[in-house]
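I am attaching a structure below and will ask some questions about it afterwards.
Read-outs: derived from the displayed coordinates by stated rules, not from any lab. Because the structure is a prediction, the values reported are computed rather than measured. We place every Cβ from the backbone using ideal geometry, glycine too, and count neighbours over all the protein chains shown.
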Amino acid sequence: MSMINDLISQGAQMLLVLMLAPLLTGFVRKIKARLLRRQGPPLLQPYRDLIRLMRKDVVLAENASWLFRVIPYIIFAGTWVAASLVPTFGSGLLFSWSADLIAIIALLGSARFFLALAGLDVGTAFGGIGSSREVMIASLAEPAILIMVFSVAMIAGSTQLSTIAEFMGSSAVGLRVSLGLALVALTIVAIAENGRIPVDNPATHLELTMVHEAMVLEYSGRHLALIDLSSQLKLLLYISMIACIFMPWGAAAPEAGVRSLAFGALTYIVKLSACGVALAVFETAIAKMRVFRIPEFLGAALMLALLATLLRFVSGSL
Amino acid sequence: MIAAALTCVAVLLALAPAGIVLATHARGSAVVYGASLVATLALCVIALSVLLDPAHPTLSTTLPVGLPWLGAHFRIDPLAAFFLSAINFGGAAASLFALGYGRHEHSPGRVLPFYPAYLAAMNAVVLADDAFSFLVAWEFMSLASWALVVAHHRESENVRAGYVYLLMASFGTLTLLLAFGVLAGGSGSYDFATIRATHLTPMLSTAVLLLALLGAGSKAGLVPLHAWLPLAHPAAPSHVSALMSGVMTKVAIYGFVRVVFDLLGQPEWWWSMLVLAIGGPSATLGVLYALMQRDIKRVLAYSTIENIGIVFVGLGLALAFKAEGMAWVAALAFTAALLHVLNHAAFKSLLFFGAGCVLNATGERDMERLGGLIHRMPQTAVAMLIGCVAISALPPFNGFVSEWLTFQAILLSPQLPSWGLKLIIPAVGGLLALAAALAAACFVKLYGISFLGRARGEAAGGAQEVDRFSLAALFALAAFCLVAGIFPGLFIDALGPVATAMVGNSMPHQAGLEWLTIVPIAESRSSYNGLLLFAFVLLSGSIASIAIHRLASDRLRRAPAWDCGFPDSSPAIQYTASSFSQPIRRVFGTTIFAAREIGEMPPPGSAAPARLVVDMHDLIWDALYAPIAKAIGFATERINVLQFLTIRRYLALVFVALIVLLLVLAI
């Protein structure tokens, strides 16, 4: 019985993240527009965009290889699986033991590896510039998040995300300096990884500073839809990760009843909206950085994460 | 069993003189490589049977060769069995590849005799059970590989590579000779059993550790002893490059493990600091160097330095935990290191074979003249893609598993009591994470520039797919990368006896766990299931594909590339290898390589093109090797005077030398 419940809960999670991801993006866009005193697109606009893209023909560059056509599916599958392994409304996920936090990050790394290859496949200058900058950003963001994971994992005594979430929800955590540093580091990495301002601008085209959009310039139709959906999933994943590690309140425990699951879902929505609003405000308030200032921004995350880990090594209570 | 193993080695040795004769025959290379393939496969089976069933009888023997009072001792213990299987797995793959690749060799007489001798020597190093046989085999291995490095000696670069390699190899053997001298000094007996039984004073043990680190480290390519590696490994024919990078560096690791974990006994805690302080920077610097290269085989050679660094980080952690008596974590770190040894042997050989295929098909090693090979060599491209993903430590392939296990060992290190380790391990963990991310960047570049995009030269545009033997070797290794990635538990269990013998404990048994998960310590702590992850990704990708094709649209049109409305038909518009790594060069290179970009603008009014010159230095070469080379040059200039003396001055010199020697003896 509990197996079936778990299976349903895991399936619900997979569908939930897939359904919520475009809504979150639409929500952030709406808030940003309102902050700029614009009406903004309707909340459901990202869904309409995706459906329209899926129905269109794919226009493929003449020398695109088979890899170029497969990559959108690889990226989507990798991101979706990663997103469904991060606890959202409850921590009792059936398959959470199949990949711990390090593996989830590596899964996202695989998706990025293939995306960067896609940028190089057609052999255009824009694709190259996007890939080249993407791997530069990743070469700093990935170690930063891994070291951040080290510090959190050493505090919780586990790299399993569900175990970490349960530990963070318990009273054993206390107030720790290293957790604060880790939160800042994770937020910076999340901003960089999702290509938000000040690292990249998700709303621009045809600008020399762009990274993500340059890589996917040759994509169209259903391929583009999948890549867009993957980036929306990635944003949801990072916010869920921040919520589950640093805001563990309200999430349903494993073996919990329907009531606490519903309560968990409700708090999850609240957390998502709060983070979405924070992101929109942050993006509105800050200007885009020059591309070679990004390493300094990410270097700060790297150093903060390293400091958090070092503190944990030095003292068990910091 | 040992007799069978030695017979196989003897067969390989006998193939060497046969190679001289066969080199002139049309089918000579097929015979030599075919026989090498059979012998290495047999050795691999023997080693695996010993590894999986440690209760095997007659695992040691003494042959009446070598020193008259010593003989030559040979033994297969679990450690030797593991390394034998790794060596012969790589050797078999290289021989299979060479069945096809070797046909293109223009001077087979320079390769065929040395190839089997080289394989035999590597096996003999691992089989040896006394210091004398070990050193003889080690030096034989160095010389055989040197002969292969200078096989194409008409290229002046290769001659220089061979010269530097010979110097470094001699240096390495010298330090190992001294290490064994110190080890055997107490008892005067050179067989390993006696050495193991004697206990050295802390001072002497430390001396042995340092000498072993220098000797084995120079062969494995640890920074700062790496200078020869990126010169020598690419210079050899590609199947030999694969053996040198994928296999011979593992023999060096074997030498280090044998001396430090086995012969020296209980380690001191601060030894591990030394190993970690060398391993971590080797990993990061190796991959940074690799990123700056544009020659495919040099990228791969530098990336070997990175992977050796990762292995040494694992070994350093194992040493630390062993010294502090935490054998169960030591087993985890040690298993991670050995698993990475095996994984690296697989994917590095695969990548070197792929580079060999590219070299054969296009005659180019320079990425700036390649491109678009995925259209021309589709099968090679698939295998290479798997190799690139695996070496970038991405799930579900094998490289990720060993790095993941190393990270798990790092996460347990706050329990270590010593402060030095508490401070150095987070830094090493950071370096490892940095190396992993940079490796992904490096292999995006290698694959993206040479296999994707449009052909940058005529040679790349007219490339043809390679022969079936080469492809068989490529796909065998690619399949191994996937299998070892999704069934890592099998390999971890097989490494159990090795870890028990070396660090006194082994990782928990993995075979009985549900769904073939691996759980290094406890399930609440961490677990990973490559199989499920692979299945999930495959499943959700297929579902998405089927659903979209059925429900939405499956139409497709071909059109010219969009490129923001400015498509340029010239392939020169594409990103090149150097421009791809330019952002990373700007971030890391300005300090590590003292990299500078000098833009030379023509004077106003002139129509000459502007030029961009990138100035980079290998600071280690400048700071360490160049002064030594200069000092040696200076000294030899001075000593050179002695060649032009008159006869009476020579007589006087001999007389003085005699007096001095007698004086030394008298005192």
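Just checking, does the range B:58-78 include any residue being closer than 18 Å to B:Ala501 by Cα, touching a residue at least 24 places away in the same chain (Cβ under 8 Å) and aliphatic (A, V, I, L, M)?
Among the residues of the range B:58-78, at least one is closer than 18 Å to B:Ala501 by Cα, touching a residue at least 24 places away in the same chain (Cβ under 8 Å) and aliphatic (A, V, I, L, M), which makes the answer yes.
Oh, and also: Free of Cβ contacts under 8 Å to residues at least 12 places away in the same chain and at negative phi: which single residue out of A:Leu235, A:Leu175, A:Leu266, A:Leu183 fits that description?
After applying the criteria, what remains is A:Leu175.
I'd like the full set of residues that are part of a helix (DSSP H, G or I), at the interface with chain A (Cβ under 7 Å from one of its Cβ atoms) and within 14 Å of B:Gly485 (Cα to Cα), limited to the range B:521-536.
Residues satisfying the conditions are B:Leu532, B:Leu533.
Let me confirm something: among A:Phe89, A:Phe68, A:Phe95, which residue is closer than 30 Å to A:Thr159 by Cα and either without any contact (Cβ under 8 Å) to a residue 40 or more places away in the chain or touching a strand residue (DSSP E or B) at 6+ places or on another chain (Cβ under 9 Å) (or both)?
The match here is A:Phe89.
Out of all the residues in the range B:542-578, which are more than 7 Å from chain A (Cβ to nearest Cβ), surrounded by fewer than 17 Cβ atoms within 10 Å (Cβ to Cβ) and not in a loop (DSSP other than H, G, I, E, B)?
Answer for the range B:542-578, where residues must be more than 7 Å from chain A (Cβ to nearest Cβ), surrounded by fewer than 17 Cβ atoms within 10 Å (Cβ to Cβ) and not in a loop (DSSP other than H, G, I, E, B): B:Ser542, B:Ile543, B:Ile546, B:Ala547, B:His549, B:Arg550, B:Leu551, B:Gly565, B:Ala572.
Among the numbered criteria (1) surrounded by fewer than 21 Cβ atoms within 10 Å (Cβ to Cβ); (2) closer than 30 Å to B:Ile296 by Cα; (3) within 14 Å of chain A (Cβ to nearest Cβ), which one does B:Ala476 miss?
Among (1) surrounded by fewer than 21 Cβ atoms within 10 Å (Cβ to Cβ); (2) closer than 30 Å to B:Ile296 by Cα; (3) within 14 Å of chain A (Cβ to nearest Cβ), B:Ala476 violates only (3).
I'm trying to understand the selection: among the residues of the range A:53-88, which are more than 28 Å from A:Tyr268 (Cα to Cα) and more than 10 Å from chain B (Cβ to nearest Cβ)?
Result: A:Ile71, single match.
Let me confirm something: among A:Ile164, A:Ile145, which residue is surrounded by 24 or more Cβ atoms within 10 Å (Cβ to Cβ) and in contact with a Ser or Thr (Cβ under 8 Å, 6 or more places away or on another chain)?
Only one candidate qualifies: A:Ile164.
Conditions: (1) loosely packed, with under 14 Cβ neighbours inside 10 Å; (2) more than 26 Å from A:Val291 (Cα to Cα); (3) of a type in the set (Asp, Glu). B:Asp618 meets all but one. Number of the miss?
(1)
Name the residue that is farthest from A:Ser65 (Cα to Cα), counting only residues in the range B:561-610 that are in contact (Cβ under 8 Å) with a residue 12 or more places away in the chain and among the basic types (Lys, Arg).
Filtering first and then ranking leaves B:Arg596.
Next question, about the same structure. Could you say whether any residue in the range B:82-94 is over 23 Å from the mean Cα position of the chain (by Cα), in a helix (DSSP H, G or I), on the phi < 0 side of the Ramachandran plot and surrounded by 20 or more Cβ atoms within 10 Å (Cβ to Cβ)?
No: zero hits.
A further question follows. With the structure loaded, tell me whether B:Ile518 is more than 7 Å from every other protein chain (Cβ to nearest Cβ), within 25 Å of B:Thr406 (Cα to Cα) and of a type in the set (Val, Ile, Thr) or whether it fails that test.
Here the answer is yes, as B:Ile518 does meet what is asked.
Of the residues in the range A:89-131, how many are of a type in the set (Gly, Ala, Ser), within 27 Å of A:His212 (Cα to Cα) and facing another protein chain (nearest Cβ under 7 Å)?
Looking only at that region, the number is 10.
Turning to a different aspect of this structure: So is A:Glu166 part of a helix (DSSP H, G or I), acidic (Asp, Glu), within 13 Å of chain B (Cβ to nearest Cβ) and closer than 21 Å to A:Trp80 by Cβ or not?
Considered against the rule, which asks whether it is part of a helix (DSSP H, G or I), acidic (Asp, Glu), within 13 Å of chain B (Cβ to nearest Cβ) and closer than 21 Å to A:Trp80 by Cβ, A:Glu166 comes out as no.
Among B:Gly485, B:Gly448, B:Gly489, which is the only one that is without any contact (Cβ under 8 Å) to a residue 40 or more places away in the chain, crowded, with 20+ Cβ neighbours inside 10 Å and part of a helix (DSSP H, G or I)?
Among B:Gly485, B:Gly448, B:Gly489, only B:Gly489 is without any contact (Cβ under 8 Å) to a residue 40 or more places away in the chain, crowded, with 20+ Cβ neighbours inside 10 Å and part of a helix (DSSP H, G or I).
Looking at the range B:382-403 only, could you name the residues that are within 8 Å of chain A (Cβ to nearest Cβ) and buried (at least 24 other Cβ atoms within 10 Å of the Cβ)?
Scanning the range B:382-403 gives B:Val389, B:Ser392, B:Ala393, B:Leu394, B:Pro395, B:Phe400.
What residue, of B:Leu319, B:Leu291, B:Leu315, B:Leu338, is surrounded by 24 or more Cβ atoms within 10 Å (Cβ to Cβ), assigned to a helix (DSSP H, G or I) and out of contact with any helix residue (DSSP H, G or I) (no Cβ under 6 Å at 6 or more places or on another chain)?
B:Leu338
Given (1) over 30 Å from B:Arg454 (Cα atoms); (2) outside any helix (DSSP H, G or I), identify the lone condition not met by A:Leu60.
(1)
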